[in-house]
Amino acid sequence: MTAPGAGGPPPLLPPPRELDLARTSVPAAAPIVRTGVPGLGPEGYALAVRPDGRVTVDAGDPAGAARARATLDQLARLGGGQLPVGVVRDRPS
């Protein structure tokens, strides 16, 4: 999927493994963060931006939560303070 106003996926660095974003966006908001989520592994995370504006981060550990926050910061900068609705998942190789 694509980010709002873009012709393709947003240029996130490093590129996440899974990116499923809609063309709709919501104002950036502080995420609800859970760490120690089974199955995500060290530095892994899954973040979700919902149409109602709720932002959640599930992370395998504190490093994964930090990576998710960095991704959210990039998305907000690229979106002019808006976050695209959708899901991003990542973990180290």
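Scanning region 53-86 for residues that are surrounded by fewer than 17 Cβ atoms within 10 Å (Cβ to Cβ) and closer than 13 Å to residue 16 by Cβ gives 70, 74. Filtered by the rule that a residue be more than 15 Å from residue 91 (Cα to Cα) and exposed (fewer than 13 other Cβ atoms within 10 Å of the Cβ), region 6-23 gives 7, 8, 11.
Just so you know, all these numbers are worked out from the coordinates, no wet-lab data involved. The structure presented is a predicted model; accordingly, all values stated were derived computationally and were not measured. Note that we place each Cβ from the backbone using ideal geometry, even for glycine, and neighbour counts take in every protein chain shown.
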